[in-house]
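Structure first, then comments.
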Amino acid sequence: MRYTKNKLEIELLKIFSAEKDRHKNRYNILGRGLPGSPGSLEYQMQTTFTADERALAGQAINELESRELIVPTYKDLSSPGDWLIITSLGEGALKTGALDELDNLLLKIKSDNDLLSMRYGAYEAMISKHADWPRHVASSCRELITKVLHAIAPDEEVIKDLRFIPDESSKNKITRKERIRHYLRKNLDISKRNVEVVDKACNLIEACYKKLNAVTHTDIKEAECLVKLTENALFFLLN
């Protein structure tokens, strides 16, 4: 596999954005795998898809449709659901690079780092040919967690919090859990009802980070699970 789903989604949106008022057929875009007749997505990317890559492109177009970044026009009588057009949401996603809810949440964070690139760096590592790709996947996920936590709960802000409890075993006396607690205290009414939410958020992120630290070798399916665990943990925290 040479392409991530994210890469294919961006390329698909570019196709739909060109002549955006004209609907386009999904199978003309995806192609049918016939010799000498590439789909417009292959033509744009100057490539010939393998069967697996074409299937991934099919998943990508379906997910864009499920998020309403592209929608059917229903104007064709023979295949009304297969002629699609880009929406204003899709145009916005193409402009910002934010393709789903987590991307949008990451974009809202004030950070000096490109959090979206960090997120998708893990997927790039998975399809790379490097011998140590599992380590790169784990490293990308750990870095994303670290940069997000430092952005939503900076050192100077945490230290000024009257409820901050320094941890002498930590290098700067601020643990990941303390950053999460600080962030949630700012954004939640910490009543008894929400104490459990805070604890679960802390435990989920911490468990995720420790699991990533333990990665030395893994298969692609486990790597995908680790990336999804990271994404779900961050979504739970930020949403």
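Values as computed for the structure displayed
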| quantity | calculated |
| --- | --- |
| Condition broken by Leu8, with the remaining ones in (1) closer than 15 Å to Leu64 by Cα; (2) touching a strand residue (DSSP E or B) at 6+ places or on another chain (Cβ under 8 Å) satisfied | (2) |
| Residue count, region 1-51 (criterion: of a type in the set (Gly, Ala, Ser), touching a residue at least 12 places away in the same chain (Cβ under 8 Å) and assigned to a loop (DSSP other than H, G, I, E, B)) | 3 |
| Residue identified as without any contact (Cβ under 8 Å) to a residue 60 or more places away in the chain and over 25 Å from the mean Cα position of the chain (by Cα) among Arg176, Arg185, Arg181 | Arg185 |
| Candidate set from region 139-172 (those that are among the basic types (Lys, Arg) and free of Cβ contacts under 8 Å to residues at least 12 places away in the same chain); member that is surrounded by the fewest Cβ atoms within 10 Å (Cβ to Cβ) | Lys171 |
| Out of Ile86, Ile70, Ile10, sole residue that is among the hydrophobic types (A, V, I, L, M, F, W, C), under 25 Å from the mean Cα position of the chain (by Cα), surrounded by 12 or more Cβ atoms within 10 Å (Cβ to Cβ) and within 23 Å of Ile127 (Cβ to Cβ) | Ile10 |
| Which listed residue is in contact with a Leu (Cβ under 8 Å, 6 or more places away or on another chain), small (Gly, Ala, Ser) and either outside the structural domain of Ala138 (by TED's automatic domain parsing) or at pLDDT 80 or above (or both), from Ala201, Ala233 | Ala233 |
| Some residue of region 138-145 being in contact with a Phe, Trp or Tyr (Cβ under 8 Å, 6 or more places away or on another chain) and within 24 Å of Ala223 (Cβ to Cβ) | yes |
| Unmet requirement for Lys75, which otherwise passes all of (1) in a helix (DSSP H, G or I); (2) in contact with a His (Cβ under 7 Å, 6 or more places away or on another chain); (3) surrounded by fewer than 13 Cβ atoms within 10 Å (Cβ to Cβ) | (1) |
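Rundown of residues vs (1) out of contact with any Pro (no Cβ under 7 Å at 6 or more places or on another chain); (2) buried (at least 16 other Cβ atoms within 10 Å of the Cβ); (3) not assigned by TED's automatic domain parsing to the domain that holds Leu234, yes/no style:
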| site | (1), (2), (3) |
| --- | --- |
| Glu42 | yes, yes, yes |
| Phe49 | yes, yes, yes |
| Ser66 | yes, no, yes |
| Pro80 | no, no, yes |
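The values are calculated or read from the model by the stated rules, or taken from the named source; none is laboratory data. Keep in mind that what you see is a predicted model, and the values were worked out from it rather than measured. Every residue, glycine as well, gets a Cβ built from its backbone with ideal geometry; the counts of neighbours run over all protein chains shown.
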